[in-house]
Every structure is written in structure tokens, then in C-alpha cells.
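Here's the structure we're looking at; comments come further down.
Read-outs throughout are calculated quantities, based only on the coordinates presented, and are distinct from any laboratory measurement. From a predicted model like this one, the values you see are computed outputs, not experimental measurements. Every residue, glycine as well, gets a Cβ built from its backbone with ideal geometry; the counts of neighbours run over all protein chains shown.
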Amino acid sequence: MGKMSKNNYQILIAEDSAITRAFLVSTLEDLSSRLNVIEVSSGFEALKQLPRGRFDLIITDINMPDINGLELISFIRNNPEYSHIPLIVVTTESSPRDREKGIALGADEYLVKPIDSNQFQDLIMKYLGLSAEELSGPGRKS
């Protein structure tokens, strides 16, 4: 089987709040039908998902049961298999110290809840290398 062109993108969301997870998934689905989202509610579940798929982007909370988002970021950035995957933190932790720690560990973006859905969609497009013309989502506002 030959190499397929990139039609769909795999995104992993690690977030223990069902409400926030639903918001993130809905925002991604509004952006494009080409985004396949895998949702997990803990860092441990995220670690179990990593070998199961080729993820193009990871979105994580900081405060989660068992393995927290900072530990997840650290694991991903220190593993050659996954270290290239862009990471976006979405959290309630708003202090400059928390932000610095997240970025220092390797997060590409650090968003504080509540997040703006348009800003979030812009970041998703940036990290997936997509333009508005390439997306087929129903709700994308240009």
C-alpha cells in the first residue's frame, strides 16, 4: 500500500472535565470534518493512547488525576517517538509561574480557561499547517 496523502488529522485531548472536553471536541468538529478526535480523561489514559495512533496534535489540561498534564508533556517531549507532536495546554492555572513551567517543559501554547473558540481554532490550523481553504468545517468563520 502506497503512502497516503494527509486527509485526516488525529488529535488527542486529555482533559478530566467532561464539559471542557465536550467544548473542545465541538469546537474542533466545527472547524473541520477532517479532524479525528480521541478523548481521554486522564494523563494515564493519554499515555495508553499514544502508541495506538499517529497523533498530529495533543491538547492537555494540567490538573488531572494520576498523571497530570505537566508530567504528560514531560514524557512526550522526552520520548523521540512523540517529541515532534505539537502540544497545547488548556487549563485554569493562570499564574505566570504555571505558564512558564508549561512552556519550559515543552508546551507549544498555553491557554487559560475559558478559552476563545476562534483563537483556539486559529491555533489548531497553525499547528496542523492548514489554511481556511483546506478545511471543510461547517462552522469556521473566516
For this session: Determine which single condition Ala22 fails, assuming it passes every other condition in (1) touching a strand residue (DSSP E or B) at 6+ places or on another chain (Cβ under 8 Å); (2) aliphatic (A, V, I, L, M); (3) under 21 Å from Gln119 (Cβ atoms); (4) not in a strand (DSSP E or B).
Result: (1)
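Has the stretch 29-37 got at least one residue that is hydroxyl-bearing (Ser, Thr, Tyr), surrounded by 15 or more Cβ atoms within 10 Å (Cβ to Cβ), touching a Gly at 6+ places or on another chain (Cβ under 7 Å) and without any contact (Cβ under 8 Å) to a residue 24 or more places away in the chain?
Step one: of the stretch 29-37, the residues hydroxyl-bearing (Ser, Thr, Tyr) are 32-33.
Checking which are surrounded by 15 or more Cβ atoms within 10 Å (Cβ to Cβ) leaves us with 32.
Applying the additional criterion that residues be touching a Gly at 6+ places or on another chain (Cβ under 7 Å) yields 32.
Retained after the next criterion (residues that are without any contact (Cβ under 8 Å) to a residue 24 or more places away in the chain): none.
Checked against the condition, which is being hydroxyl-bearing (Ser, Thr, Tyr), surrounded by 15 or more Cβ atoms within 10 Å (Cβ to Cβ), touching a Gly at 6+ places or on another chain (Cβ under 7 Å) and without any contact (Cβ under 8 Å) to a residue 24 or more places away in the chain, the stretch 29-37 yields no hits at all.
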